[in-house]
Amino acid sequence: MRSGQPRIRFWFESRLIRLALIVVPPLPRSILLRLAALMGAAAYWFAPGLRRVALANIELALGPRLGRRERAALVKASFRNFARMLLDIAWFTRDSKARVARWVASDPGIAEHLPADGVAFFGVTAHFGNWELLSRALRQAGYEHAAVAAILANPDVDQYFNSLRASSGVEIIPQRGAVRGILKTVKAGKSVALLLDQNTKPEEGGVWIELFGAPATMSAAPAILAGRTGVPVIALFCEALPDGHYRMYAYPPMRRKGKDADPAELCQEIAACFEKEIRRRPDQWLWMYKRWKFIPNGMSRARFPYYAKSLK
């Protein structure tokens, strides 16, 4: 019975995506925002496992600053933002260029901090705001790039996301064995976009950084390759605004201080950018992700959420 469960789940996921591509794109913007609020509220109550992860993460990151009601409200807001992000993936497929132009504003820092087209950079972001729309908006703004993407368990869903990215002119580099593809892309003068607030074991290329005062792992790939190629690393975000618009903005370029410098230093600088933005708009981050999943050898698990496990 259990062996059939993934197939059943995949079937429902595939049908939901097809339904969303029919129903969502024609919706008025105001209706989509209300639907996102309803979906977020439903997810809060019907996904207790994700709710528990989010509350544990907020307890670690923000601690006594928030009371119980405030934490619950923040989790609900995070669910709403995620629902809006998912709906917008489908909504922006219709009249894509016109909708991006109308609903996504580029902060002046984009032109100030990003090099001219044809000059590569590593664009790094977090599960913050609308990270999928960020890539589409960057491409429409004239910044040609490839995106490193993990292969999703459901092949239909994986193909769906990749086809949407490709439709905006964004190339896809599979996450597994991505270094060769990244180097090839950079040498061609194209930039590379990466989601970096994910767990990467040290034996798989991760390094330890501090996020909200607790150790977490982060892929060192962009930091290592930045030292090897001299290409700058730029933190980028696409913030969701209450009126349905988005704001795309960038931090000043970061560089690894020489080939012999510890890549963890640049990774920590990236993590500091992420933490600053999450503190500013905590409702925009995906708190439901098990971000502090690994415990460094010899460290007490008392500092970590319930789901964390020791690395062996």
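The values are calculated or read from the model by the stated rules, or taken from the named source; none is laboratory data. Keep in mind that this is a model prediction, so the values were computed, not measured. Glycine gets a Cβ as well: all are built from the backbone with ideal geometry, and neighbour counts include every protein chain shown. Ligands, DNA and RNA are stripped out before the accessible areas are found, and what is left, the full protein with its side chains, is counted by its heavy atoms. Shrake-Rupley method; radii C 1.70, N 1.55, O 1.52, S 1.80 Å.
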The set of residues whose placed amide H lies less than 5 Å from the amide H of Trp285, leaving out same-chain residues fewer than 5 positions away, is Gly129
Could you state the accessible area per residue of the chain in Å², with a 1.4 Å probe and every protein chain left in place?
-> 50
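Calculate the translational D of segment 6-147 in whole µm² s⁻¹ from Stokes-Einstein, where the hydrodynamic radius comes from the Kirkwood formula applied to all Cα pairs, the temperature is 25 °C and the viscosity 0.890 mPa s. Please report the intermediate quantities before stating the final value.
Working: Rh = 17.5 Å.
The Stokes-Einstein estimate is 140 µm²/s.
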Charge dipole (debye, nearest 20) of the chain; +1 at Cβ of Lys and Arg, -1 at Cβ of Asp and Glu | 880
Along the dipole axis of the chain (charges at Cβ: +1 for Lys and Arg, -1 for Asp and Glu; origin at the Cα centre), the most positive-end residue among Asn57, Ile209, Ser163 is Asn57
Hey, quick one: spin label on Ala111, modelled 7 Å out along Cα-Cβ, who in segment 130-159 has an amide N within reach, i.e. under 16 Å?
-> 138, 140-143
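For segment 107-237, what does the alpha-carbon gyration tensor say about shape, rounded, prolate or oblate, given a ≥ b ≥ c as the root eigenvalues, a/c under 1.5 as rounded, and a/b over b/c as prolate?
It is rounded, given that a/c, with a ≥ b ≥ c, falls under 1.5.
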Checking Ala240, Ala146, Ala72 against a Gaussian network model of the chain (alpha-carbon springs below 10 Å), the top fluctuating residue turns out to be Ala72
Once Tyr307 and Glu210 are pulled to full extension, the length gained, defined as 0.36 nm per residue separation minus their Cα-Cα distance, is 33.1 nm
Expected max-MSF residue from Ser219, Ser168, Ser191 in the GNM of the chain (alpha carbon, under 10 Å) is Ser168
Along Cα→Cβ, 7 Å out, is where each label goes; now give me the distance between the ones at Arg52 and Phe10 in nm to one decimal.
-> 2.8
Can you send over the carbon and sulfur percentage of the accessible area for segment 46-195, probe radius 1.4 Å, protein chains only?
-> 54
Rounded to one decimal in nm, the spacing of the 7 Å Cα→Cβ label points at Thr229 and Ala72 is 4.8
Would you work out if the chain is rounded, prolate or oblate? Take a ≥ b ≥ c from the square roots of the eigenvalues of the alpha-carbon gyration tensor; rounded if a/c is under 1.5, else prolate when a/b is larger than b/c, oblate otherwise.
-> rounded
Among Gln268, Leu241, Met254, whose Cα sits farthest toward the positive end of the charge dipole of segment 239-310 (+1 at Cβ of Lys/Arg, -1 at Cβ of Asp/Glu, about the Cα centre)?
-> Gln268
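Using +1 on the beta carbon of Lys and Arg, -1 on that of Asp and Glu, and nothing else charged, what's the dipole of segment 48-167 about the Cα centre, debye to 20?
Details: 16 positive and 11 negative charges, 149 e Å.
For this selection, approximately 720 debye.
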Between the residues Gly123, Val179, Ala83, the Cα farthest towards the positive end of the dipole of segment 81-195, that dipole coming from +1 and -1 charges on the beta-carbon of Lys, Arg, Asp and Glu, is from Val179
Set Lys184/Lys309; Lys76/Lys309; Lys201/Lys276 screened for pairs whose C-alpha atoms are more than 29 Å apart | Lys184/Lys309
For Glu70, what is the net charge nearby, where nearby means another residue's Cβ is under 14 Å from its Cβ and Lys, Arg count +1, Asp, Glu -1?
-> +3
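First select every other residue whose beta carbon is under 12 angstrom from the beta carbon of Thr93; then total the charges, Lys and Arg +1, Asp and Glu -1. Numbers along the way, then the final one.
Working: positive: Arg94, Lys97, Arg99, Arg136, Arg165; negative: Asp88, Asp95, Glu132.
Neighbour charge sum, excluding Thr93 itself: +2.
Tell me whether segment 208-312 comes out rounded, prolate or oblate; compute the Cα gyration tensor, take square roots of the eigenvalues as a ≥ b ≥ c, and use a/c under 1.5 as the rounded threshold. Before the final figure, lay out the partial values.
Numbers: a/c = 2.68, a/b = 1.06, b/c = 2.52.
Here segment 208-312 falls in the oblate category.
For n ≥ 4 DSSP H runs only, could you compute -39500 (n - 2.57) per run for the chain, divide by its residues and tell me the 222 nm figure to the nearest 500?
-15500 deg cm²/dmol
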Would you kindly state how much longer the chain becomes between Ser167 and Ile31 on full extension, computed as 0.36 nm times their sequence separation minus their alpha carbon distance, in nm to one decimal?
-> 46.4 nm
When only C-alpha pairs under 8 Å and at least 6 residues apart count, what is the relative contact order of the chain, in percent?
-> 22
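Taking K and R as +1 and D and E as -1, what net charge do the other residues with C-beta under 15 Å from the C-beta of Thr185 add up to? Spell out each step's value before the answer.
Values: positive: Arg139, Arg165, Arg180, Lys184, Lys187, Lys190, Arg228; negative: Asp117, Glu144, Glu171.
Residues near Thr185 contribute +4 overall.
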Identify which of Leu33, Leu60, Leu241 has the largest mean-square fluctuation in a Gaussian network model of the chain, with springs joining Cα atoms closer than 10 Å.
-> Leu241
Once Ala141 and Ser300 are pulled to full extension, the length gained, defined as 0.36 nm per residue separation minus their Cα-Cα distance, is 52.6 nm
If you count the DSSP beta bridges with both ends in the chain, what percent of them are antiparallel, to the nearest 5?
-> 40
